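**Q** Below is a structure I'd like to ask you about.
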Amino acid sequence: MHVLIAVASLGGFALIAGLLLSLAQKKFRVEGDPMVEKIDAVLPQTQCGQCGYPGCKPYAEAVARGEADINHCVPGGERTMHQLADLMGVEPKPLAEEPTAPMVAFIREDDCIGCTLCIKACPVDAIVGAPKQYHTVIADYCTGCTLCVEPCPVDCIDMLLKPELIEHWAWPLPETERARIGRERKGSHARAA
Amino acid sequence: MPALLKRLGQVLGWMPAGFFGGIEVPDRKLTAHEPIRECPVPDVLILPMKQHIGEQCHPCVHIGDHVLKGQKIAATEGYMAAPVHAPVAGKVVKIEEHRIAHPSGLGLPCIFIEPDGSDGEHRYEPWADWETRDPAELRERVRECGIVGLGGAVFPTFIKLVRDQHHPINTLILNGIECEPYLTTDHRLMLEHADEIVRGLSILRYMVGARECVIAIEDNKQDAVEVMRQAVVRASLTGVRVIAMPTRYPQGSEKQLIESITGKQVPAGKLPVHIGVLCQNVATARAVYHAIEHGRALTERVVTVSGEAMPRPGNLRIPFGAPVRFVLAQCGLEDLDGVHVLHGGPMMGERLRSVDVPVVKATNGLLALHEEQIHGLNAEEQPCIHCGHCGEVCPIRLVPNLLADHCRNDAFERAEAYQLFDCIECGCCSYVCPSSIPLVHYFRYGKGQLAQIRRAETFAEESRRRSEARERRLAREREAKQARRRARKASTPAQAEDGEG
């Protein structure tokens with residue numbers, strides 16, 4: 001008799017717990033891979049493809065699968081690499097390529113023939129224009145990815161250095177020995193690891 | 001016992017409560033007894049399109065235009081901005097980028113005016129009857145006249161002059177503290193133009209409906225306290241107190257002064273209006289008086305030109321746009337070899353990289369110092385010995401040594417968690433640090449980096465949004481194309497059969 005009670009009560013508990021678990025699984029179901037979202041969130045969204053993948057999201061997916069290394073985001077630089085290392089739980093690595101200065105595309109309107117090929121190439125819709133009309137780059141939206149340069153049949157797109165604005169200027173580190181040592185240590189840490 | 005009495009006095013409001021931290025600095029007011037003198041008009045005036053905190057202005061005159069003194073030459077587009085006016089009558093000779101007094105050494109678009117020596121002046125309608133007018137109308141005038149806080153922060157004044165039912169202003173504080181060493185502009189203004197300042201106070205008080213007014217002056221300017229008291233009596237105002245505060249740096253900082261007088265702290269991220277206080281500099285009050293009662297725009301200011309390396313120091317009334325090199329020459333300083341020129345006071349001002357920059361609304365002082373007068377100029381930063389002096393003097397009660405460590409190590413998020421953005425950059429911590437750590441410089445570095453990170457994050461977010469929108473659009477277009485193709489396929493076989501048949 002005692003055995004039966006024990007079996008029945010434990011079995012009942014197991015059944016209830018199982019029901020709760022299955023309900024919880026339905027209710028708190030996670031769509032997609034949260035890791036991909038987290039990685040995508042720290043990428044600079046230039047969609048430039050310099051990492052070898054066709055955009056930030058595909059690179060994030062490759063990193064999450066463990067296919068791609070964490071050090072291939074050129075515009076993100078050191079900071080993004082460190083954030084990816086934190087997310088993936090791996091050691092920081094030296095960057096695969098040196099980061100470049102921020103650029104912005106500029107269309108020489110005198111040469112533009114209005115072919116719309118650059119508009120189609122722009123991953124962030126930063127070029128305006130219509131067939132047989134001059135095109136122009138919205139400088140504030142341009143991520144400097146250079147994807148528009150290649151398709152242009154008349155080579156009228158220049159990549160210019162992003163102008164330095166006084167409002168966006170930031171103080172550099174003080175020029176003291178200690179600040180310099182700290183800087184070097186940080187740099188060597190990233191390179192040596 | 002005296003401490004207890006003092007505390008009692010503070011609680012009952014007989015005595016100023018004082019503020020936390022701060023330091024005593026040698027005041028070196030070399031020009032306290034120099035009457036304000038007129039600075040001659042230079043050959044060309046250079047007017048930057050942004051002389052305030054906020055958005056840049058846009059020129060509303062063209063090259064070759066003749067402008068009158070006080071005529072608006074640059075208009076605002078955004079809310080947080082103050083227009084720029086021509087300081088003299090003359091001709092607009094060019095509009096181009098020119099270096100300004102900024103640590104970056106970068107420039108801003110500037111309007112260049114060549115004075116023609118005529119005395120044509122544009123004035124708004126003088127309103128001696130301001131008491132009968134709507135405060136909103138007066139506020140619009142203050143905005144139109146380009147008035148900004150002249151204590152050095154250059155915050156557009158009209159923004160503060162609101163009557164908000166949720167935050168009524170009880171106390172209006174007129175800031176005549178001038179706690180920075182060397183500077184004596186507010187001091188001289190109070191001595192020479194006390195009545196105008198008091199008129200300005202009345203206008204401000206009317207605009208915000210403040211019950212109580214306090215004119216706060218540090219006790220190293222007893223003569224100014226006396227003169228202002230007499231001016232208040234002459235104007236037969238009630239509810240206006242002139243109080244002498246114990247001298248302590250940085251008492252002139254808005255939040256510190258409010259804490260000192262009312263005993264209340266402005267919460268982090270809030271404004272004085274949220275605790276029912278409005279604070280204005282004495283020079284700003286005078287500018288408001290000129291704007292309302294004389295219809296005069298802000299086109300000049302008093303600047304202390306001083307320092308041990310200045311041959312003839314003084315307080316000069318200078319039109320905006322006058323090149324600093326020209327102003328220094330007026331005070332006998334032409335050979336700048338081995339001399340450091342500071343824009344602003346010695347505690348919060350910036351060392352100028354070049355003296356070919358114009359005097360602007362923010363210029364409260366121009367100091368020429370010899371190398372040995374600059375504290376810790378060549379001192380090498382030593383490791384922190386954790387003496388805690390920086391924390392004792394920080395008026396915001398931050399932990400400067402930890403903050404500096406976080407900034408140096410690029411741990412910006414952690415620095416932010418230690419309230420980096422509450423730092424007012426008063427320089428007390430750097431001043432007392434026995435290890436000569438340039439603390440404020442580290443904070444500025446940290447703030448700048450954080451601002452850049454935030455900007456990059458916002459930009460990335462917007463880029464993501466646009467890129468995703470584009471993906472969706474392309475998918476939609478593909479879908480539509482396929483649908484068309486399917487529709488064609490469905491109709492073509494029938495036609496084909498018809499053709500064959």
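**Q** Mind telling me which of the residues B:Gly276, B:Gly252 ends up being surrounded by fewer than 24 Cβ atoms within 10 Å (Cβ to Cβ), in contact (Cβ under 8 Å) with a residue 60 or more places away in the chain and assigned by TED's automatic domain parsing to the domain that holds B:Ile215?
**A** Every option except B:Gly276 fails the conditions.
**Q** Being free of Cβ contacts under 8 Å to residues at least 60 places away in the same chain and touching an Asp or Glu at 6+ places or on another chain (Cβ under 8 Å) is the filter here; which residues of segment B:289-327 pass it?
**A** Across segment B:289-327, the qualifying residue is only B:Arg325.
**Q** Which ones in segment B:124-183 are among the hydroxyl-bearing types (Ser, Thr, Tyr), crowded, with 22+ Cβ neighbours inside 10 Å and part of a helix (DSSP H, G or I)?
**A** B:Thr157
**Q** Which ones in segment A:66-123 are among the β-branched types (Val, Ile, Thr), within 30 Å of B:Arg473 (Cα to Cα) and assigned to a loop (DSSP other than H, G, I, E, B)? Walk me through how you get there before you give the answer.
**A** Pass one, segment A:66-123, residues among the β-branched types (Val, Ile, Thr): A:70, A:74, A:80, A:90, A:100, A:104, A:107, A:113, A:116, A:119.
In the following step, the residues that additionally are within 30 Å of B:Arg473 (Cα to Cα) were identified as A:74, A:80, A:104, A:107, A:113, A:116, A:119.
A:Val74, A:Ile113, A:Thr116, listed by residue number.
**Q** Further question on the same structure: So for segment A:105-116 (the condition being within 14 Å of chain B (Cβ to nearest Cβ), open to solvent by 80 Å² or more (accessible area, probe 1.4 Å), closer than 23 Å to B:Ser467 by Cβ and in contact (Cβ under 8 Å) with a residue 12 or more places away in the chain), does at least one residue qualify?
**A** No.
**Q** Would you point out the residue of segment B:100-123, among those that are touching a residue at least 60 places away in the same chain (Cβ under 8 Å), at negative phi and facing chain A (nearest Cβ under 10 Å), that is surrounded by the fewest Cβ atoms within 10 Å (Cβ to Cβ)?
**A** That would be B:Pro103.
**Q** Out of curiosity, is B:Pro434 open to solvent by 40 Å² or more (accessible area, probe 1.4 Å) and under 17 Å from B:His389 (Cβ atoms)?
**A** Yes: the conditions hold for B:Pro434.
**Q** How about segment A:33-58: which of its residues are within 14 Å of another protein chain (Cβ to nearest Cβ), open to solvent by 50 Å² or more (accessible area, probe 1.4 Å) and not hydroxyl-bearing (Ser, Thr, Tyr)? Full working, then the answer.
**A** Looking only at segment A:33-58, we keep the residues that are within 14 Å of another protein chain (Cβ to nearest Cβ), and these are A:36-49, A:53-58.
Then drop every residue that is not open to solvent by 50 Å² or more (accessible area, probe 1.4 Å), which leaves A:37-38, A:41, A:53-54, A:57.
Passing the criteria: A:Glu37, A:Lys38, A:Ala41, A:Pro54, A:Lys57.
**Q** Hey, does segment A:9-20 have a residue that's without any contact (Cβ under 8 Å) to a residue 24 or more places away in the chain, under 35 Å from the mean Cα position of the chain (by Cα) and open to solvent by 40 Å² or more (accessible area, probe 1.4 Å)? Talk me through it step by step, then tell me what you get.
**A** Initial filter on segment A:9-20 (without any contact (Cβ under 8 Å) to a residue 24 or more places away in the chain): A:9-20.
With under 35 Å from the mean Cα position of the chain (by Cα) added as a condition, the list becomes none.
Within segment A:9-20, none of the residues are without any contact (Cβ under 8 Å) to a residue 24 or more places away in the chain, under 35 Å from the mean Cα position of the chain (by Cα) and open to solvent by 40 Å² or more (accessible area, probe 1.4 Å).
**Q** For B:Gly239, indicate whether it is at pLDDT below 95, outside the structural domain of B:Val432 (by TED's automatic domain parsing), in contact with a strand residue (DSSP E or B) (Cβ under 6 Å, 6 or more places away or on another chain) and not hydrophobic (A, V, I, L, M, F, W, C).
**A** Against the criterion (at pLDDT below 95, outside the structural domain of B:Val432 (by TED's automatic domain parsing), in contact with a strand residue (DSSP E or B) (Cβ under 6 Å, 6 or more places away or on another chain) and not hydrophobic (A, V, I, L, M, F, W, C)), B:Gly239 qualifies.
Residue by residue, here is whether (1) farther than 22 Å from B:Gly345 by Cβ; (2) open to solvent by 20 Å² or more (accessible area, probe 1.4 Å); (3) not small (Gly, Ala, Ser) holds:
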position: B:Val355; (1), (2), (3): no, no, yes
position: B:Ala362; (1), (2), (3): no, yes, no
position: B:His370; (1), (2), (3): no, yes, yes
position: B:His375; (1), (2), (3): no, yes, yes
position: B:Ala379; (1), (2), (3): no, yes, no
position: B:Gln382; (1), (2), (3): yes, yes, yes
position: B:His389; (1), (2), (3): no, yes, yes
position: B:Cys394; (1), (2), (3): no, no, yes
position: B:His406; (1), (2), (3): yes, yes, yes
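**Q** Counting only residues that are among the β-branched types (Val, Ile, Thr), touching a Cys at 6+ places or on another chain (Cβ under 7 Å) and in a strand (DSSP E or B), how many does segment B:245-287 have?
**A** 0
**Q** Looking at segment B:132-152, which of its residues are under 25 Å from B:Ser253 (Cβ atoms) and among the hydrophobic types (A, V, I, L, M, F, W, C)?
**A** Correct list: B:Val142, B:Ile147, B:Val148, B:Leu150.
**Q** Moving on to the next point. Taking the conditions exactly as written (more than 14 Å from chain A (Cβ to nearest Cβ) and exposed (fewer than 10 other Cβ atoms within 10 Å of the Cβ)), does B:Lys481 satisfy them or not?
**A** Working: more than 14 Å from chain A (Cβ to nearest Cβ): yes; exposed (fewer than 10 other Cβ atoms within 10 Å of the Cβ): no.
No.
**Q** Quick check on segment A:121-151: of everything there that is within 13 Å of another protein chain (Cβ to nearest Cβ) and of a type in the set (D, E, K, R), which residue is surrounded by the most Cβ atoms within 10 Å (Cβ to Cβ)?
**A** Step one: list which residues in segment A:121-151 are within 13 Å of another protein chain (Cβ to nearest Cβ), which gives A:121-128, A:138-145, A:147.
In the following step, the residues that additionally are of a type in the set (D, E, K, R) were identified as A:125, A:140.
Working: A:Asp125: 15, A:Asp140: 9.
Within segment A:121-151, the match that is surrounded by the most Cβ atoms within 10 Å (Cβ to Cβ) is A:Asp125.
**Q** Assuming B:Ala285 fulfils every condition listed in (1) surrounded by 24 or more Cβ atoms within 10 Å (Cβ to Cβ); (2) over 17 Å from the mean Cα position of the chain (by Cα) apart from one, which condition is it?
**A** All conditions pass for B:Ala285, except number (2).
**Q** Let me ask something additional. Mind listing whichever residues of segment B:71-86 are small (Gly, Ala, Ser), part of a loop (DSSP other than H, G, I, E, B) and surrounded by fewer than 24 Cβ atoms within 10 Å (Cβ to Cβ)?
**A** B:Gly78
**Q** Can you pull out every residue in segment B:190-203 that is part of a helix (DSSP H, G or I) and open to solvent by 10 Å² or more (accessible area, probe 1.4 Å)?
**A** Going residue by residue through segment B:190-203, those that are part of a helix (DSSP H, G or I) are B:190-192, B:194-203.
Answer for segment B:190-203, where residues must be part of a helix (DSSP H, G or I) and open to solvent by 10 Å² or more (accessible area, probe 1.4 Å): B:Leu191, B:Glu192, B:Asp195, B:Glu196, B:Arg199, B:Ser202.
**Q** Residues in segment A:28-47 that are at pLDDT below 85 and either under 27 Å from A:Ala105 (Cα atoms) or of a type in the set (Lys, Arg) (or both): how many?
**A** The qualifying residues number 1.
**Q** Hey, another quick one. Where the second residue is assigned to a loop (DSSP other than H, G, I, E, B) and the first is of a type in the set (Val, Ile, Thr) and lies in segment B:369-392, which pairs have Cβ atoms under 9 Å and are six or more apart or on separate chains?
**A** B:Ile374/B:Pro346; B:Ile385/B:Pro434; B:Ile385/B:Ser435
**Q** Give the residues of segment A:62-82 that are surrounded by fewer than 19 Cβ atoms within 10 Å (Cβ to Cβ) and either assigned by TED's automatic domain parsing to the domain that holds A:Pro123 or in contact with a helix residue (DSSP H, G or I) (Cβ under 7 Å, 6 or more places away or on another chain) (or both), sorted by residue number.
**A** A:Glu78
**Q** Is there any pair linking a residue in segment B:28-52 that is buried (at least 22 other Cβ atoms within 10 Å of the Cβ) to one that is part of a loop (DSSP other than H, G, I, E, B) and of a type in the set (D, E, K, R), with Cβ under 6 Å and at least six apart or on different chains, and which?
**A** B:Gln51/B:Lys361
**Q** Can you name the number of the only condition in (1) within 22 Å of B:Arg472 (Cβ to Cβ); (2) within 13 Å of another protein chain (Cβ to nearest Cβ) that A:Glu167 fails?
**A** Against the list (1) within 22 Å of B:Arg472 (Cβ to Cβ); (2) within 13 Å of another protein chain (Cβ to nearest Cβ), A:Glu167 comes up short only on (1).
The values are calculated or read from the model by the stated rules, or taken from the named source; none is laboratory data. Just so you know, these numbers come straight off a predicted model, no measurement behind them. Virtual Cβ from ideal backbone geometry, glycine too; neighbours counted across all protein chains shown. Only protein heavy atoms, including side chains, enter the accessible area calculation; ligands, DNA and RNA are left aside. Shrake-Rupley method; radii C 1.70, N 1.55, O 1.52, S 1.80 Å.
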